[in-house]
Amino acid sequence: MINNREIKLIHSLKRKKNRIEEGLFVVEGEKNVEELLQSSFQILDIYATNNWNSEVEHHKISEKDLGRVSSLSTPNKVIALVKIPKQASINTNITSIVIDGVNDPGNLGTIIRTANWFGINQVICSNNSVDKFNPKTIMASMGSIFKTDVFYTDLKNYLKESKLPIYGALLEGNSIYDTSFNDPSILLLGSESHGISIDLIPSITHKTTIPGSESTESLNLGVSAAIYCSEYFRQTNQ
């Protein structure tokens, strides 16, 4: 059974500061833990209720205690403690989704899941973006966090040094449906509130936009990323 020290530890990992100090993050739910078990991530412990049907070694946890440590409104059977891996090196020769200032953990998780669906194996975030190990990011990724490399870096320097074409998502530019996407390339998107930072715009080689009715100011960032990835995939996989 789980003890009070372990409950306190898991609960503390909801905060980025504690995740960094402990070198751990939390994975919740059957789907995410199932994907975790198929990955190379190092698992410290797994806690599960009696109705989790798995032969994987784990500690028992009551529904009540699971509710105490869970970030979910409806806790889902199993929770795992996982070691944060060391960040590898960015691959500068493959297609990447690059995100400037994503603040919403759900949006980041959705983008990671979208990248995985369309076969894009690398997501690169500005240093001021939300933590990829935020519980809400992990949940929204639906296991894709374990299949997709997510990096944080100084985007100004990264984009300036890149040899790949850079397609920037702006309010004004050529329609993505009239744009020829190269493979590999960089798909650059900014936050919903501020868009792409001014100091990154000079690095954009192709200014693009998603055409619409203009009845609202902007699209949700996760939706925008999905539309860009879909058109990129359509063109480069024919």
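The values are calculated or read from the model by the stated rules, or taken from the named source; none is laboratory data. Quick caveat: nothing in here was measured; it's all calculated off a predicted structure. Don't worry about glycine lacking a Cβ; one is built from the backbone with ideal geometry, like all the others, and counts go over all protein chains shown.
Checked against the criterion of being surrounded by fewer than 17 Cβ atoms within 10 Å (Cβ to Cβ), of a type outside the set (F, W, Y) and under 26 Å from D131 (Cβ atoms), the candidates I198, I186 yield just one match: I198. Which condition number does S54 fail, the rest of (1) farther than 14 Å from F133 by Cα; (2) surrounded by 14 or more Cβ atoms within 10 Å (Cβ to Cβ); (3) modelled with pLDDT of 90 or more being met? Unmet condition: (3).
Residues in the range 1-44 that are hydroxyl-bearing (S, T, Y) and in a loop (DSSP other than H, G, I, E, B) were compared, and the one that is surrounded by the most Cβ atoms within 10 Å (Cβ to Cβ) is S39.
The rows are residues; the columns are (1) outside the structural domain of T110 (by TED's automatic domain parsing); (2) over 14 Å from P85 (Cα atoms); (3) among the basic types (K, R); (4) in contact with a strand residue (DSSP E or B) (Cβ under 9 Å, 6 or more places away or on another chain).
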{"residue": "N18", "(1), (2), (3), (4)": "yes, yes, no, yes"}
{"residue": "E21", "(1), (2), (3), (4)": "yes, no, no, no"}
{"residue": "G29", "(1), (2), (3), (4)": "yes, yes, no, yes"}
{"residue": "L36", "(1), (2), (3), (4)": "yes, no, no, yes"}
{"residue": "S40", "(1), (2), (3), (4)": "yes, no, no, no"}
{"residue": "I43", "(1), (2), (3), (4)": "yes, no, no, yes"}
{"residue": "A48", "(1), (2), (3), (4)": "yes, yes, no, yes"}
{"residue": "N51", "(1), (2), (3), (4)": "yes, yes, no, no"}
{"residue": "H59", "(1), (2), (3), (4)": "yes, yes, no, yes"}
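Looking across the range 66-86 at every residue that is touching a residue at least 60 places away in the same chain (Cβ under 8 Å) and touching an Asp or Glu at 6+ places or on another chain (Cβ under 9 Å), the one that is nearest to V26 (Cα to Cα) is identified as L81. Just to be sure, is N121 of a type outside the set (S, T, Y) and in contact (Cβ under 8 Å) with a residue 24 or more places away in the chain? The answer is yes for N121. So which residues in the range 23-41 are more than 16 Å from P75 (Cα to Cα) and touching a helix residue (DSSP H, G or I) at 6+ places or on another chain (Cβ under 7 Å)? F25, E35, L36, S39, F41 - these are the residues of the range 23-41 that are more than 16 Å from P75 (Cα to Cα) and touching a helix residue (DSSP H, G or I) at 6+ places or on another chain (Cβ under 7 Å). Can we say G168 is buried (at least 21 other Cβ atoms within 10 Å of the Cβ) and at negative phi? Here the answer is yes, as G168 does meet what is asked.
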